[in-house]
Amino acid sequence: LPGALQVSFEKAAEQVLEFIKNEFCKVAVDVHGTRALQVLLEDELINKDKRTERVSSLVYEALKSGRIFDLSCNIRGNHVLRQCLFLLKTDEKRSIIYDPVVQHFTHVARDKHGCQVVKDCITTAQG
């Protein structure tokens, strides 16, 4: 039964991400939405052996909105963005986060929330 529940949760996670992918950044900065996204992403990170490529791809697609800079310096959005760094499996996919952070490095690094994103960018880039 626990295995069936896990499969069910994975499918639900995919469906939720598919549904909100165009509003991912809005949800990430919302008081209630950020916590829901964090729980969903935390479960994907904890169960990384069972993680589907589909979830990672949906997160990648959702981040294509180009609001990485806004998320990195937001009190709620930075937590979601940092989880995305660890969820995305390759530096090629992580570059969707790395590139805007590098482009706005001085601003992001000086921000009290952004500096945590910079730290996690360095950590994930090192492997």
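The values are calculated or read from the model by the stated rules, or taken from the named source; none is laboratory data. Keep in mind that what you see is a predicted model, and the values were worked out from it rather than measured. Because the Cβ atoms are built from the backbone with ideal geometry, glycine has one as well, and the counts that use them run over all protein chains shown. Quick note on the areas: whole protein, heavy atoms, side chains included, nothing else; ligands and nucleic acids left out. Shrake-Rupley method; radii C 1.70, N 1.55, O 1.52, S 1.80 Å.
Selection of the stretch 108-127 for residues being more than 12 Å from Phe86 (Cα to Cα) and touching a Phe, Trp or Tyr at 6+ places or on another chain (Cβ under 8 Å) yields Val108, Val118. Is there a residue being more than 14 Å from the chain's Cα centre (by Cα), without any contact (Cβ under 8 Å) to a residue 40 or more places away in the chain and closer than 20 Å to Ala13 by Cα anywhere in the stretch 31-41? Among the residues of the stretch 31-41, at least one is more than 14 Å from the chain's Cα centre (by Cα), without any contact (Cβ under 8 Å) to a residue 40 or more places away in the chain and closer than 20 Å to Ala13 by Cα, which makes the answer yes.
Helices (runs of 4 or more DSSP H) fully within the stretch 8-127 that include at least 1 residues being aromatic (Phe, Trp, Tyr) and open to solvent by less than 30 Å² (accessible area, probe 1.4 Å): 24-29.
Scanning the stretch 63-94 for residues that are under 13 Å from Val118 (Cα atoms) and of a type in the set (Gly, Ala, Ser) yields a total of 1.
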